[in-house]
Amino acid sequence: MAHVGSGTNPSTSTFPGFATDPGSLGEGPVPEPPGPPTGIPPQSALIVVVNPPAGKGAPIVQECPADLQFTNTAPGGFEAMNCTLDWPDNTPPVGLYTAATAAVIDRRTGEYLWWGHVVDPGYTKTGTGASRRIACQGFQTVLDTQAGAVGYIDRDQSQWRLARDYKAGSAQIVDDISLPQHPQDWADPSLSLIEMDIPEGSRLYASPTRTTMTMTYRPPKFSANKQDIVCIQGTFDGTNDAAYRVKVRVATQAGTVQTVMDRDYGGSPVHFRLRLGAGDWTQVGSRVGQLQWVYDGSGAGLPAPRDYYLRFGNLAVVFDRVNASGATVIDPGTDVTTGDIVHDLCGRILFGDLFIDAAPSAIAKPDTKVEQATWWDGATVRQIMEWVGEIETDYYWAVWEPRYGVKGPDPARFEYRSWLTAPRYIIPPGAAKVELAGGADDLATHALVTYQTSADVPASVVVAGQAPELEAAGVNRIAHIDLTPEGALTERTAKSKGLSALRARNDQRTSGTALVTSPVMDVRTGRMIEPWEIRAGWNVVIADGNFRADGGHPYSLTGSRDGRTTFRCTSAQYFVSSRGMELALDGGGRNLFRRTRIPLPRLRRPARKR
């Protein structure tokens, strides 16, 4: 039998009006609701309003259709709505495509339960009349129709290309871990370097034109979003000789060049961090970066007495950003965070198409640093937000009705919020049919972490985690976590990421659905609300939830999912026909770890025998 641990009596909940029997709780499925739906019938409260474009006719208002259903999600916001509307024969179907808006409104309060635009006005005509089975989408589709070729920080050394201005020289990317970490950068030191070589016997000239080799970085030059380079940093080392110099230059799209660093070797690894407007360069509109190796010896035609090389590592190119209101961020630095990316998307691409409230309560700004974030081949805003979402599992985006209500052409409202808030909805006993499952199928005590070193050599290490359920039973289970898609890793980094993956794997939570057919408590408004008023994006408490055997506090007052009674509501779909709102309940994230560059690692499983 499951039980509630000492000091966790459900009747001590601070939520008013609800208490659960503190005795033993069964482990079986939650009972079905004791009777038919209660509360106000939707037919007496809901209306559907279709607004043709300006000058194309009056709004069409109809009472709640019998087949009405609508959905909202997190992430996402208002998603889909469809229903059948009676349609007079003499009413033209003007404006019932993308230009027409549709809404479901609670006429008791004027609250918008759903708002979007018509995408398919299905038409049916019979001997007794005509009707339209309309299909609608929420304005979250704006994130699919807005795209950009953007970059924030680029550490991809393959983007630097040899200009071939000195034919005898060569350049390639080599595996090497000789350079130390950049003292002004949080990222690990490079595991591969750009190596420029001048072989022995090459003819070098110091005058009238100096022998020069150039590595060029050009992706933003051809980007439609016209982002400027605002910072270049890196480390270099090579054959120490005063006859050679190292330069860093930036160039505009038109070819205007400014040299921002010009120095000799110095005899040891040299770190540099060059920024626009920070005493390094003043040229705005820089879209090209150049690394130059220049022979500055005396005389002409003198052969090099030995092989010479120059190596660059820890390279990072940073681009200008804007805030959520569209204003340029001054001195953005090299620490690019997920919040920086979200705010830039709001101010650079979404601003104007959606209402952007830059207040922290509306557009959160998480501070997880990312090593690599570029989409030079183009991506929709939704695709980039999904990438951010895989890193920031405690945040979600949504598009809702305009902030001040639907008034003429006001755009839909974009939000980026944290899940870590106190629960909003409390579902009392008997108000919903709850189905929960999952939670312990992938537990492991250890993990075999496979990765590759800087020389593409396979490597592996075993890390130990904690799984009390298995340890109590004397079971030793080893999971396989494959980090090879991450590229070259150090053993320290592989251990750290492998342990994070194992902890997340052992932190599975129960998830499921709840079909709500009776009023629930809305803590935010302080009143009982009808099922159709529930929105995704908030934490939900199941007051008669299915407790797990490990006990714990019955309610999470801090907004943490526990897979027992507190869940994240990621989807809410209302059906007038059943008078029920079906909630998708997420009891815990199943991402393996917070990645920064590539998709989450694969868990390899044995191949099936044929």
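The values are calculated or read from the model by the stated rules, or taken from the named source; none is laboratory data. Note that the structure is predicted; figures quoted are calculated from it, not measured. Glycine gets a Cβ as well: all are built from the backbone with ideal geometry, and neighbour counts include every protein chain shown. Side chains included, ligands, DNA and RNA excluded: accessible areas come from the protein's heavy atoms. Shrake-Rupley method; radii C 1.70, N 1.55, O 1.52, S 1.80 Å.
Look at the alpha carbon pairs under 8 Å that are at least 6 residues apart: their mean separation over the length of segment 113-219 gives a relative contact order of 23 percent. With θ taken as phi - 60° and the Karplus curve 6.51 cos²θ - 1.76 cosθ + 1.60 applied, the whole-hertz 3J(HN,Hα) list for segment 323-328 is 8, 5, 8, x, 7, 5 Hz, x standing for glycine and proline. When you count the other C-beta atoms within 10 angstrom of each residue and take the mean per peptide, 149-158, 215-224 line up highest first as 149-158, 215-224. Between LYS56 and THR393, the FRET efficiency from the beta-carbon distance, with R0 = 56 Å, is close to 0.80.
Equivalent-ellipsoid semi-axes for segment 207-282 (Cα gyration tensor, √(5λ), whole Å, largest first): 25, 16, 11.
Inter-label distance, ALA99 to TYR123: 1.6 nm, where each label sits 7 Å from its Cα along the C-beta direction. Calculated FRET efficiency, ARG403 to ILE478, Cβ-Cβ distance, R0 = 51 Å: about 0.45 to the nearest 0.05. Counted residue by residue at 0.36 nm each, then reduced by the alpha carbon distance between them, the extension gain from THR109 to GLN172 reaches 16.0 nm. The label-point distance for ASP188 and THR368, in a model that sets each label 7 Å from Cα toward Cβ, rounds to 1.8 nm.
When only alpha carbons are used to place a centre, segment 208-233 and segment 314-387 end up 22 Å from one another.
Across segment 493-498, coupling constants 3J(HN,Hα) worked out from phi with the 6.51/-1.76/1.60 Karplus curve, θ = phi - 60°, read 5, 4, 4, 5, 5, x Hz, and Gly and Pro carry x.
Per-residue SASA remark: CYS64, around 20 Å² accessible (1.4 Å probe; ligands, DNA and RNA not included). Placing pseudo-labels 7 Å out from each Cα toward the beta carbon at ASP377 and SER577 gives an inter-label distance of 4.3 nm.
Taking only protein heavy atoms and a 1.4 Å probe, the accessible area of segment 245-363 is 47% carbon and sulfur. Where a ≥ b ≥ c are the square roots of the eigenvalues of the C-alpha gyration tensor, would you call segment 97-209 rounded, which needs a/c under 1.5, or, failing that, prolate if a/b is larger than b/c, or oblate? Prolate, since a/c reaches 1.5 and a/b exceeds b/c.
Near GLY151, the amide H atoms lying under 5 Å from its own belong to TRP375; only residues 5 or more places off or on other chains count, and H is placed 1.01 Å from N. One decimal place: the segment THR490-ALA163 gains 114.5 nm when fully extended, by the rule 0.36 nm per residue minus the C-alpha distance.
Across segment 415-421, coupling constants 3J(HN,Hα) worked out from phi with the 6.51/-1.76/1.60 Karplus curve, θ = phi - 60°, read 10, 9, 10, 8, 6, 7, 10 Hz, and Gly and Pro carry x. Using 0.36 nm per residue and subtracting the Cα-Cα separation, the extra length available between ALA437 and THR328 on full extension is 34.5 nm. Between GLU79 and THR71, ASN72, THR73, GLY138, the built amide H atoms are under 5 Å apart, and every one of these is 5 or more places off in sequence or on another chain. Tally Lys/Arg at +1 and Asp/Glu at -1 over every other residue whose Cβ is under 15 Å from the Cβ of GLY201; what's the total? Once all neighbours under 15 Å are counted, the net charge is 0. Exceedance of the 32 Å cut-off in Cα-Cα distance is limited, within the set LYS221/LYS369; LYS247/LYS369; LYS56/LYS365; LYS226/LYS365; LYS365/LYS433; LYS365/LYS495, to LYS56/LYS365; LYS365/LYS433.
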